[in-house]
Each structure stands twice: as structure tokens, then as C-alpha cells.
Amino acid sequence: MMLPDHVEVHRAPLVESAYTRKRDWALPPERTRHWSGRASVQPDRSFEVRSPARETAQRRLRVYLPAGATVESADRLLIGGRWYEVDGAPMVWGTGGLRHVRVNAWEVEH
């Protein structure tokens, strides 16, 4: 598998709120680079939602990481200087010669 793109996986700490636990992405020093390396980043789709209140564009990517990469559904990816959120649970393909982890990533632009 060709892995021409550089990708970083970042993870933020869990914080307690009154009703739930969530990741705290507000403080950059708190988040950590959990994994960094080569990947294959491919476009998936892009679409816009137009309304009188606002215009919103979304980009979705498919990111193929090497089999040893660890990524969780609450992580964020830094790809080409842009931040993407992991969409859903990463999928591990562990058979055959092309072992990898597939991640769906998305970005929203307002």
C-alpha cells in the first residue's frame, strides 16, 4: 500500500461535566499527538448546505493508516495543516497482505 501523505492523530483528555464526560479540545497544550506517520488520504465527498441563515460546506476523507496505528472515534486528525474529526469507529483490516486501519474523517466549514 502506498502511503504518500503525512497524518497526525491527536487526542484530548476526558473532562467531567455536570452530566457527562467529553474531550476537552479547547486547550491546545492539553491535547497530545498520539500517533504520527505516513498514510493514504483520499477524497470521499464534499457537499454544501445553503440556507438563508448560513452556508455550510463539509469535506469527507478516507484515511488509510498502517496496521500499527492507533486511532479512536473521539480523536482528531491533522492533515495538510487542516483539522478533521474522526467520523465513526475506525475499521481494522487485519487479513492478507494489505493490513491497515481505515478512518472516515470530516471537516465542517461555516
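For this structure, a couple of remarks:
- Cα centroid of region 71-99 to Cα centroid of region 1-69, whole Å: 8 Å
- Protein heavy-atom accessible surface, 1.4 Å probe, per residue over region 24-82: 64 Å².
- HN-Hα J in Hz across region 85-100 - Karplus 6.51, -1.76, 1.60, θ = phi - 60°, x for Gly and Pro: 9, 6, 10, x, 7, x, 10, 9, 9, x, 10, x, x, 10, 5, 6
- Rg and Dmax over the alpha-carbon atoms of the chain stand at 15.4, 50 Å.
The values are calculated or read from the model by the stated rules, or taken from the named source; none is laboratory data. Being a predicted model, the structure only gives us computed values, none of them experimental. We work out accessible area using only protein heavy atoms, side chains counted, and drop any ligands, DNA or RNA first. Shrake-Rupley method; radii C 1.70, N 1.55, O 1.52, S 1.80 Å.
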